[in-house]
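Student: Following this message is one structure expressed as structure tokens.
Just so it is clear, none of the values below were taken in a lab; they were calculated from the coordinates. A quick note: this is a predicted structure, and the numbers were derived from the prediction, not measured. Because the Cβ atoms are built from the backbone with ideal geometry, glycine has one as well, and the counts that use them run over all protein chains shown.
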């Protein structure tokens, strides 16, 4: 079911005209209202009036995550602070968090794009949606909430965790749709099985999963175990949260809601736009956001776009699920992790050398992070209990910093390969 | 009186113990007693050797993480109940044993218990006071 037929199935020429008008307006808005963008435009010698078609977007400056941090907390604001009705941020584990400040218009927009997302999986006002994304600063919970409310479905705002209660609610209230991370959906499936729940007998029929990378084999697993159709959804705090792109009933590629969030693929080294079908870095411009509009945000995610017609009838460009990163960021159980964070923790610990390697595996349904740390003379002891204490100590420190549990394993010195230039820090065994 | 124990960190990977043993062999290190403590990921090879300083040096050179620490070597007539006598003595005096391993001399019918204590000095005093024979590094070399 198409939520907004007019915009989602708009002929592409009309869509381009709409995007052109919106890009002109947003370029003018940020130039006039956001000093950060005025100086960026000026540095490139570009003016809002240089935008004549949507393709002129390539003339505009990029925005990076570092830029966003530099202007923390309110530097991207394009309206009066009094018009901001809600603020969300990223977890900020790697530095200052990224801020998304929403006007009422932005919240309405969020509800719209999430209504489109849920409609793709057939959610209507008759549905009962169990929203197991975390509520709070994290954009997942409330973003999904606004979409559920916009559709007029019944929302169960249970938030994340508390598995027993999730299963009870699902059974007692007859939830028909589920929103959470893909790994948590499998965790629910396993826990339910242990409790003797037969999911084929429950009304649950559809799930919307995002916030972490997953694979086709994982989809097959989720669909078989929960007896539902599982859809991939995509979003990021820097743009709006969930509701940037989503899979339609074809369950193939993700339609980008490009009338609001204009995607480009660029060569990450040169910054030049790449044609459809070619893999490169995904870049987004928010065409309609009022509170914190963003011009050409470099996501560092790697994917490609296609404008081939989709059997569902939607005309919106489609993106492949994220294929990788241009940096070394890892996503573990929905949390973004950079190896540099681990290095920071190790450097600060006495007797520990920052020679480490990260091993990521999916055990059962959960991402497991193992941190191999090289033994040093200072760490070493003839007593196993002291070695184990050290491992626990490093684990605790890492957990405080990463917000995710990891398992530390001490290995022999020089056993982690040194390579010239960038060390091979990460071994990701997840098949995504 | 204490003797030095050498500990070597070994990952639980095929060939690691052999690699350490080959270094010892190539440098003619004489092992008097040894034990391996293991966890699921790694092991610690603990040895009493003829020349601890040299052993340390050659293992370090070969890239191993090595440590020395004092142990007490108690020599007693080999008989039943020996372990109990020693352990209950330590218990009675409130001295904690971290771990122990042993060596039995068939010719002289003597047993040597190597003991690792939290408080080695207190243990030395206790054994001396009770008239136990503690071996010196030289004596250990000769066994």
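Student: For the stretch A:223-293, what class follows from the C-alpha gyration tensor (a ≥ b ≥ c being the square roots of its eigenvalues): rounded when a/c is under 1.5, otherwise prolate if a/b is larger than b/c, else oblate?
Tutor: In terms of gyration-tensor shape, oblate.
Student: Which of the three applies to the stretch B:3-68, rounded, prolate or oblate, going by the alpha-carbon gyration tensor with a ≥ b ≥ c and a/c under 1.5 meaning rounded?
Tutor: prolate
Student: Counting pairwise Cα distances across chain B, what percent come out greater than 26 angstrom? Numbers along the way, then the final one.
Tutor: Values: 2768 of 10153 pairs.
Taking all Cα-Cα pairs of chain B, the fraction more than 26 Å apart is 27 percent.
Student: Still on this model: Would you list B:7, A:401 from fewest to most Cβ contacts within 10 Å?
Tutor: On the way: B:7 22, A:401 16.
Going from sparsest to densest Cβ surroundings: A:401, B:7.
Student: So, one more: Just tell me how shielded A:229-237 is by partners: mean number of partner chain Cβ atoms within 10 Å of each residue's Cβ, no decimals.
Tutor: Mean inter-chain Cβ contacts per residue within 10 Å come to 0.
Student: Which percent of Cα-Cα pairs in the stretch A:1-121 sits in each 5 Å bin, short to long?
Tutor: It works out to 2, 10, 14, 17, 18, 19, 13, 6, 1, 0, in whole percents.
Student: On to the next question. Quick one: if you stick a label point 7 Å off each Cα along the C-beta vector at residue A:28 and residue A:366, how many nm between them?
Tutor: Here the answer is 5.4 nm between the modelled labels.
Student: Percentage of Cα-Cα pair distances in the stretch A:330-428 greater than 17 Å, rounded to whole percent?
Tutor: Counting pairs separated by more than 17 Å, the tail of P(r) holds 49 percent.
Student: What's the extension gain from residue A:49 to residue A:348 if we count 0.36 nm per residue and subtract their Cα-Cα distance?
Tutor: Result for the pair: 102.5 nm of gain on full extension.
Student: What ranking do A:329-339, A:70-80 get when scored by the average of other Cβ atoms within 10 Å per residue, highest first?
Tutor: Ranked from most to least packed, the peptides come out as A:329-339, A:70-80.
Student: For a quick check: sort A:244, B:104, B:23, A:371 by the number of other beta carbons within 10 angstrom, fewest at the front.
Tutor: Going from sparsest to densest Cβ surroundings: B:104, B:23, A:371, A:244.
Student: What full-extension length gain, to one decimal in nm, is calculated for residue A:21 and residue A:272 as 0.36 nm per residue of separation minus the Cα-Cα distance?
Tutor: Numbers: separation 251, 0.36 × 251 = 90.36 nm, distance 2.29 nm.
Gain on stretching residue A:21 to residue A:272: 88.1 nm.
Student: On average over all directions, what projected area in square nanometres does the stretch A:301-385 have, based on the convex hull of its Cα atoms? Please report the intermediate quantities before stating the final value.
Tutor: On the way: hull surface 35.3 nm².
So the mean shadow area of the Cα hull is 8.8 nm².
Student: Counting other beta carbons within 10 Å of each Cβ, put A:200, A:9, A:185, B:108 in order, fewest first.
Tutor: Lowest to highest Cβ neighbour count: A:200, B:108, A:9, A:185.
Student: For a paramagnetic label modelled at 7 Å from the Cα of residue A:83 toward its Cβ, which residues of the stretch A:25-57 fall within the zone defined by backbone nitrogen distances under 11 Å?
Tutor: A:29-30, A:33
Student: Once the piece of chain linking residue A:400 and residue A:414 is laid out straight, how much longer is it, given 0.36 nm per residue of separation minus the C-alpha distance between them? Don't skip to the answer; put the middle values down first.
Tutor: On the way: separation 14, 0.36 × 14 = 5.04 nm, distance 2.71 nm.
The span from residue A:400 to residue A:414 would gain 2.3 nm if fully extended.
Student: Is the shape of the stretch A:244-333 best called rounded, prolate or oblate, per the rule: a/c under 1.5 gives rounded, else a/b larger than b/c gives prolate, else oblate, with a ≥ b ≥ c the square roots of the Cα gyration tensor eigenvalues?
Tutor: Verdict is rounded for the stretch A:244-333.
Student: Sticking with this one: Placing one identical point scatterer on every Cα of the protein assembly as shown and ignoring solvent, what is log10 I(q)/I(0) from the Debye formula at q = 0.12 Å⁻¹?
Tutor: The Debye formula, applied to the Cα set alone, gives -1.11.
Student: Here's another thing I want to ask about it. Under the definition of partner shielding as Cβ atoms of other protein chains within 10 Å of a residue Cβ, what is the mean value for peptide A:377-389?
Tutor: Per residue, the number of nearby Cβ atoms from other chains is 5 on average.
Student: Show that you can apply the helix-only estimate: for chain A, add -39,500 (n - 2.57) for every DSSP H stretch of four or more residues, divide by all residues, and state [θ] at 222 nm to the nearest 500.
Tutor: Using -39500 (n - 2.57) per qualifying helix, the result is -10000 deg cm²/dmol.
Student: What FRET efficiency comes out for the pair residue A:168/residue A:4, r = Cβ-Cβ distance, R0 = 51 Å, nearest 0.05?
Tutor: E between residue A:168 and residue A:4, to the nearest 0.05, is 0.90.
Student: Pairs of Cα atoms under 8 Å, at least six residues apart: use those to get the relative contact order of the stretch B:1-46, whole percent.
Tutor: 52 percent.
Student: Enter the mean projected area of the convex hull around the alpha-carbon atoms of the stretch A:1-327, in nm², rounded to one decimal.
Tutor: 15.9 nm²
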